[in-house]
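**Q** Pasting a structure here, questions to come.
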Amino acid sequence: MLQKWCQTMRFSRLTYTPKDLVFGFSKNPLKYGTGLEVGNGVVVPEVKYFPRVEKDVREEYKSITEQLLKKAVALGIENLQLETELTYLEMEDPRLVVEQVNLQKDLIERYAKEYGLHVGYRVTVADIRDFGKPKHDEEGFNRMMEVFELVSSNGADVLSIESEGGKELFNYSIIRQDLLGIVSSLGYLATFDMKRLWKNIVSIARNKSVLAGGDSACAFANTAMKIAGGLKDNMIPHSLASIVRVMSACRSLIAFEEGATGPGKDCAYENIYLKAITGYPISMEGKTSAVAHSSLVGNIVAAACDLWSNEQVENIKLFGGYGPEVFLEILHYDTKLMNVAIEDKTHFCLRDLMIKSDKFLNPQAFVLSPDIVCSISEVIVGEKDELSRTVASAIKAIELMMAEEKLLLSRGEKRFIEMAKTRLEEIYSSPNEKVERALEQYEGKVEKLKVKDYLEV
Amino acid sequence: MSKDELLNAIRDSIVNLDFDKSKEYTLKALKAGATPQEIILKSIAEGMEIVGKKFEASEYFLSELIVAGEIGKEITKILEPYLKGEEIKKIGKVVIGTVRGDLHDIGKNIVAMMLEAAEFKVIDLGADVPPEKFVEAVKREKPDIVGMSALLTVTMVEMKNVIDALKEAGLRDKVKVIIGGAAVTEDYAKSIGADGYGANAVEGVRICKQWITGK
C-alpha cells in the first residue's frame, strides 16, 4: 500500500469573479516539461491521439509523436502539450507502456533541444478496475498505481485519469432519471473512491516531482452529455445532463482537495468550476471534439481554458496529413486567435462572443458560462460536505435555469426541472439518511454495486 | 372505485411514472375482481402505448419510456402469484452483450431494457463477453436474436469473432444477429455477416420486433 500522507484541504472561497475568469490566465500558473508555461497569459494547444489498432502500438506512438513535433516546427508552434491516453489493452503490459513513454519523451526532448520547443507531456492512465471483484479489484488498483509510478519515472510531466468509482450506480440511474441514484453515485460513492485514488496519485506525483493533473468525470457527465445527444434526440433531458455536469464538478474537485495542481484534464468540461474555485489551470475541448462526439457546447467551453485540446483522433491518413497533425493545426489556429486577443487586450471580448454563441441555446452550455459557474461554485464552497454540496449545487443550477428567460427549454425540459427541483430539495433535507437508505435498496438491484467496498477499501 | 376505474387508474399511474400509485391500484384492482390478464391488457399495455406515443411526439424522454417499462415489469411481478400456472407471453427471446475487451455497457443496457418493455425475454450477458459465452448462451437459451454492442474501434472486431464462433458451432442460421454501438456502421454490419444494424436503441428494438412479428 502506498504512503497516505497527503492532507485533505477544503477550498472555502472562489479564486475568481466572473469578470476575470478568462482563457490563458490562471491564478496558479504552472511550468513543466521542456519549459512549457501554462496559465501565464498564453493558451497552449494540447493534442490527443489514438493509435491504429492493426499496427504495433509503440511504432504508432513513435510515428504520431514525430509527425506532431515536425508539424509544430513547420507551423511555428512554440508551446505544445501532448496527451497519451493509455487504453485497457496497453495497461495489460506495463513494460510496453514504459517503452512507449520513453520513446515519446526522447523525441520530445530531441525536438525541444533542436528547435527550442516548449513541450509538456500528459499521460492518462486507464481505470481498469472491475468494481464487481472483491475489494473493488485490488489487483487492478495496484496495476494502475504501478503504471502511474512507471510513467512518472520515465517521462510523463502530468498525470491524469478518468476514474470510474460510482459508475455502476450512475449507469443504472442516469437512464432512469433517478436523481437519488445519481446523487448517491457522484456525491457519496465517487467521493470515497476519489479520496482514496487521489491520495495515492498525489503521493506518487510528489515523490517523482511530476504534476498531479486531475480527474475527468468523463464516465459520468460526458456519458450524460452523450446520451442527451442533439436537440432532437429526446433520450434524457439536457437539463439533467447539465445538473450531472454540475454535480460532477463537486466530485472532480476532490482531486484538487487531495493535492492535485492541474492542469486539469481536457474532457472534464466541469474544469471551469475547478478553475473558478482552485485557481489552477485547465485544459478544455469543445468544437475540436467533434472528431469523436457531438456536443452543444463547442465554443463556450473555451472561455476559460489554459490548454485547448481535441478528443482522441485516430492516426488515419486524411488529405491534409494524418489525423493528429491535422488536429494540431486546427488547435494551433484556435489558440493563435486567443493569444492574439490577449496581446491586443481584446480577450474578454472574444471570450464573451464564445459565451454568447452557445449559452442560451441549451442548458448544458448555460451551466458552463463563467457567471453561472461562479454563482454555483459559491454554493459548492459554502457547503459543509461532499454530499450536501452535490445536491445544493444541482438545486442552484436549476434555480438559475428557471430564472433565465432567454434560456431555451422545451416543454419536456421545463417539466423535468420542476420535478427535479422538488426531488432534490427532498434529498437535501436529509441527504445522508436518504442516500444511505437508498444504497441498501440499490445494492440488490444494481449489478456489481458493493457499497461496503467503497467505505472500507 | 369500480374495477374499470381501477384498471384506468393503473394505466394512468404508468403514464405518470408513479410506481407507488401503480402498486396500490394493482392490489386494489385484484381485490375488486380484476384478473391478471385484464390488468396486463387494459392497464399495462394501454399505459405503455400512451407513453410510447408521448415519446414519439417528443413529449416524453427515452428515460421515461424505460421507467414506464420498469413499472410495468414491477406490476407483472405482483400479478405472478395470481396467474395460476399461466405464463405471461413474450414475443421473442434475445441474448445480448457487449463484446470482449469493451466495458462500455450503457447503450447495451438501454437496448436490453427497451426490449423488455417491448415484451421480449432478454438474456443479458453483461460487458466484456467472449465469443464462447455467446455460443454457450445460444445453445442453452435458444434465442431468436443475438445482439452485440461495441463502443470502440479496437473492440468491434470481436463482433466478427462471435459470428464466426456461432458458424463454427452450427448455430448461425438458427438466430438473427443485430449489432450496434458508436464504433459500428451499417456497412460494417454487412461486412461481418450480421443481419441487422441499429443506429440507436429505438431503431434496434424496431428491427427486432419486425423480425419477430413481421410488422
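Readers should treat all values here as calculations from the given coordinates under stated rules, not as data from a laboratory. None of these values were measured; they are calculated from a predicted model. Cβ placement follows ideal geometry from the backbone for every residue including glycine, while neighbour counts extend to all protein chains displayed.
**Q** For Cα pairs less than 8 Å apart in space and 6+ apart in sequence, what is the mean separation divided by the residue count of chain B, i.e. the relative contact order in percent?
**A** Relative contact order, chain B: 16 percent.
**Q** May I ask for the equivalent-ellipsoid semi-axes of the stretch A:283-371, computed as the square root of five times each C-alpha gyration tensor eigenvalue and listed largest first in whole Å?
**A** Here the semi-axes work out to 24, 17, 9 Å.
**Q** Once the Cα atoms of helix B:62-79 and of chain B are each reduced to a long axis, what angle between those two axes, in degrees from 0 to 90 to the nearest 10, is obtained?
**A** 60
**Q** Scanning chain A for helices, which whole DSSP H stretches are 15 Å or more long along the axis (Cα) and average 0.5 or more by Kyte-Doolittle?
**A** What comes out of the filter, once short or polar helices are dropped, is A:238-257, A:370-382, A:386-403.
**Q** May I ask you to derive the relative contact order of the stretch A:349-457, considering only C-alpha pairs under 8 Å and at least 6 residues apart, and to give it as an integer percent?
**A** Over the stretch A:349-457, the number comes to 22 percent.
**Q** Rounded to two decimals, what ratio of Rg to Rh does the stretch B:92-213 give with C-alpha atoms and a Kirkwood Rh?
**A** 0.91
**Q** Given N residues in the stretch B:17-64, what is its alpha carbon radius of gyration divided by 2.2 N^0.38 Å?
**A** It is 1.31.
**Q** Could you compute the FRET efficiency for A:N28 and B:E59, with r as their C-beta to C-beta distance and R0 at 45 Å, rounded to 0.05?
**A** 0.40
**Q** Grab the beta carbon distance between A:K19 and A:L89, set R0 = 41 Å, and tell me the FRET efficiency rounded to 0.05.
**A** That gives a FRET efficiency of 0.30.
**Q** Over all distinct Cα pairs, what is the inverse of the mean 1/r for the stretch A:71-112, reported as the Kirkwood hydrodynamic radius in Å?
**A** 11.9
**Q** To continue, here is another question. For B:Y197, list long-range residues whose amide hydrogen, built 1.01 Å from N in the peptide plane, is under 5 Å from its own amide hydrogen.
**A** For B:Y197, the qualifying residues are B:I179.
**Q** Now a separate question. Mean 1/r over all different Cα pairs, inverted: what Kirkwood radius does the stretch A:90-219 give, in Å?
**A** 16.0
**Q** Mind checking the full-extension length gain between B:D173 and B:K31? Use 0.36 nm per residue of separation minus the Cα-Cα distance, one decimal, nm.
**A** 46.3 nm
**Q** What's the exposure ranking of B:M48, A:M145, going from fewest to most Cβ atoms within 10 Å?
**A** A:M145, B:M48
**Q** Amide H of A:V44: which non-local residues (sequence gap of 5 or more, or other chain) have their own amide H closer than 5 Å, using H built in the peptide plane?
**A** A:L307, A:W308
**Q** Specify the residue with the greatest mean-square fluctuation among B:Y25, B:Y188, B:Y82, computed from a Gaussian network of chain B linking alpha-carbon atoms under 10 Å apart.
**A** Sorting by GNM fluctuation, first place goes to B:Y82.
**Q** Also: Between A:E59 and A:R110, what FRET efficiency follows from the Cβ-Cβ distance if R0 is 22 Å, with the result rounded to 0.05?
**A** 0.80
**Q** Dimensions of chain A along principal axes (Cα, Å, largest first)?
**A** Answer, in whole Å and largest first: 62, 51, 40 Å.
**Q** Moving on. Using only the alpha-carbon atoms of the stretch A:1-125, report the extent along each of the three principal axes, biggest first, to the nearest angstrom.
**A** Principal extents (Cα only, largest first): 49, 45, 24 Å.
**Q** OK, next. By count of other Cβ within 10 Å, fewest leading, how are B:D4, A:D453, B:D195 ordered?
**A** If I rank by nearby Cβ atoms, fewest first, I get B:D4, B:D195, A:D453.
**Q** How many Å³ per residue does the convex hull of the Cα positions in chain B occupy?
**A** Measuring per residue, one finds 123 Å³ for the Cα hull of chain B.
**Q** Run the simple label-point estimate for A:F319 and A:K135 please: 7 Å along Cα→C-beta, distance reported in nm.
**A** Taking the simple label geometry, A:F319 and A:K135 are separated by 5.7 nm.
**Q** In what sequence do B:K31, B:K133 fall when counting other Cβ within 10 Å, fewest first?
**A** Lowest count first: B:K31, B:K133.
**Q** What nm value, rounded to one decimal, do you get for the distance between A:K70 and A:L408 when each label is placed 7 Å out toward the C-beta?
**A** My value for the distance between the label points is 4.4 nm.
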